[in-house]
Amino acid sequence: MKKLWLFFATALLSSCITVDDFGDYWQKGTIDSRLFGSWQEEKQPQVLIISKNDSMYRIDSGDAKERVRKDYAPLLARTLKVQDNTFLMICDSIKCPGTGDLIRYKITGDMIEVYILRGEAMNALLKEKYPHAESFLVDNNEGSHITGPHITKLNDEAFKILSGIPNDKKYWGLGERYRRIQ
């Protein structure tokens with residue numbers, strides 16, 4: 001069962017921007033109550049349960065057997081609004097709020113759509129508009145330790161760059177879709 005939860009969590013996080021340090025932006029995160037409930041990825045049988053945990057979300061496997069395992073750890077998250085886009089700031093409950101991932105999402109009716117930032121288009125945007133950026137990196141070249149969008153520290157510079165990413169298919173591809181089941 002652990003493999004199923006890991007597979008599900010990996011599917012969710014495959015749509016992410018890696019963040020080494022959320023910085024002060026973790027505290028700027030909010031709660032989007034529309035996320036509360038049980039969600040199922042359209043192509044997978046696993047269920048994701050999102051509930052409130054103090055001032056953040058708790059993201060759990062829907063499999064009760066999985067949740068009682070000794071090595072089980074939920075994910076914790078907050079919502080960050082960036083212009084017209086919403087992102088989940090997600091971290092492992094052990095590392096929170098230090099390192100984690102940003103995942104862009106959109107809720108329409110009973111569906112959550114998760115978007116993938118396209119590395120090649122983002123690289124071009126960084127070179128053109130933010131050539132001296134230090135906090136936001138994208139490099140898909142062979143031999144690079146960066147394998148996709150990566151924020152070293154979520155600070156004002158990184159937030160400005162996130163705000164400047166056009167909201168179109170050139171930059172954002174649809175990743176997973178989750179349907180509310182409860």
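Within segment 136-182, work out how many residues are buried (at least 19 other Cβ atoms within 10 Å of the Cβ), at pLDDT below 90 and not in a strand (DSSP E or B).
2
Of the numbered conditions (1) crowded, with 17+ Cβ neighbours inside 10 Å; (2) assigned to a helix (DSSP H, G or I); (3) modelled with pLDDT of 90 or more, Glu128 fails exactly one; give the number of that condition.
Every listed condition holds for Glu128 apart from (1).
Please indicate, with yes or no, whether at least one residue in segment 31-45 is over 11 Å from the mean Cα position of the chain (by Cα), at pLDDT below 90 and hydrophobic (A, V, I, L, M, F, W, C).
Checked against the condition, which is being over 11 Å from the mean Cα position of the chain (by Cα), at pLDDT below 90 and hydrophobic (A, V, I, L, M, F, W, C), segment 31-45 yields no hits at all.
I need the full set of residues from segment 81-114 which are assigned to a strand (DSSP E or B), polar (S, T, N, Q) and more than 16 Å from Glu176 (Cα to Cα), in order please.
Of everything in segment 81-114, just one residue is assigned to a strand (DSSP E or B), polar (S, T, N, Q) and more than 16 Å from Glu176 (Cα to Cα), namely Asn85.
Kindly indicate the residue of segment 46-80 that is part of a loop (DSSP other than H, G, I, E, B) and either among the small types (Gly, Ala, Ser) or touching a residue at least 24 places away in the same chain (Cβ under 8 Å) (or both) and also nearest to Cys91 (Cα to Cα) among those meeting that condition.
Among residues in segment 46-80 that are part of a loop (DSSP other than H, G, I, E, B) and either among the small types (Gly, Ala, Ser) or touching a residue at least 24 places away in the same chain (Cβ under 8 Å) (or both), the one nearest to Cys91 (Cα to Cα) is Ala73.
Surrounded by 15 or more Cβ atoms within 10 Å (Cβ to Cβ), out of contact with any helix residue (DSSP H, G or I) (no Cβ under 6 Å at 6 or more places or on another chain) and modelled with pLDDT under 95: is that true of Leu88 in this structure? If you could, list the steps in order and put the result at the bottom.
Working: surrounded by 15 or more Cβ atoms within 10 Å (Cβ to Cβ): yes; out of contact with any helix residue (DSSP H, G or I) (no Cβ under 6 Å at 6 or more places or on another chain): yes; modelled with pLDDT under 95: yes.
Against the criterion (surrounded by 15 or more Cβ atoms within 10 Å (Cβ to Cβ), out of contact with any helix residue (DSSP H, G or I) (no Cβ under 6 Å at 6 or more places or on another chain) and modelled with pLDDT under 95), Leu88 qualifies.
Just checking, how many residues over segment 158-171 are in contact with a helix residue (DSSP H, G or I) (Cβ under 9 Å, 6 or more places away or on another chain) and over 16 Å from Lys81 (Cβ atoms)?
The number of residues fulfilling the criteria is 3.
Can you report the number of residues in segment 66-85 which are surrounded by 12 or more Cβ atoms within 10 Å (Cβ to Cβ) and out of contact with any Asp or Glu (no Cβ under 7 Å at 6 or more places or on another chain)?
Qualifying residue count, segment 66-85: 9.
Quick check on segment 114-124: of everything there that is surrounded by fewer than 19 Cβ atoms within 10 Å (Cβ to Cβ) and of a type in the set (A, V, I, L, M), which residue is farthest from Asn85 (Cα to Cα)?
Ala124
The values are calculated or read from the model by the stated rules, or taken from the named source; none is laboratory data. Computed from a predicted model, the values in this text were never measured in an experiment. Cβ coordinates were reconstructed from backbone atoms using ideal geometry, including for glycine residues, and neighbour counts include every protein chain displayed.
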